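The values are calculated or read from the model by the stated rules, or taken from the named source; none is laboratory data. Since the structure is predicted, the reported quantities are computational estimates derived from the model, not experimental observations. So basically every Cβ, Gly included, is an ideal-geometry build from the backbone, and we count neighbours across all protein chains shown.
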Amino acid sequence: MPDIGSLDKRISFIVFKDVENDFGLDEQEQQVKLTCWARIEALRGKEYYEAQKIRTENTYKITTRYRKGLNQTMLIRYQGRLFEIQNIIDPYMNHSILEFMCVEKQRGQGVST
């Protein structure tokens, strides 16, 4: 179990809500569901070819205290950076902490900060 002092980054869990704009059309808007303390660790970088370009994908493990209601449809924001949740793990199966395996979203991937 991680030392509580290692949760030294302030993160926000972001959800998308449908809101009606001035023209009566639905738009998706980012809303903060939860702000909490976390530890962020870079796991590895992986390169692959996409449309004849090399693209780097950074994978991170973000650890928080256990909380209900968090899921893979959310994004995590830390200092203007967005992380897409790939997996959620309760490593000790005792509901004390959660580990989120995430990929950092790069600009131009459909979500603005």
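Is it the case that THR64 is of a type in the set (Ser, Thr, Tyr), assigned to a loop (DSSP other than H, G, I, E, B) and modelled with pLDDT of 85 or more?
So THR64 does not fit the description; no.
Scanning the stretch 67-113 for residues that are closer than 22 Å to LYS17 by Cα and among the acidic types (Asp, Glu), we see that the one that is modelled with the lowest pLDDT is GLU104. Residue under question is ASP22, and the condition is that it be modelled with pLDDT under 95 and not in a loop (DSSP other than H, G, I, E, B); does it hold? Here the answer is no, as ASP22 does not meet what is asked.
In the stretch 70-83, the residue that is farthest from the chain's Cα centre (by Cα) out of those that are free of Cβ contacts under 8 Å to residues at least 24 places away in the same chain and exposed (fewer than 15 other Cβ atoms within 10 Å of the Cβ) is GLN79. Which numbered condition trips up ASN87, out of (1) buried (at least 17 other Cβ atoms within 10 Å of the Cβ); (2) assigned to a strand (DSSP E or B); (3) not β-branched (Val, Ile, Thr)? Condition not satisfied by ASN87: (1).
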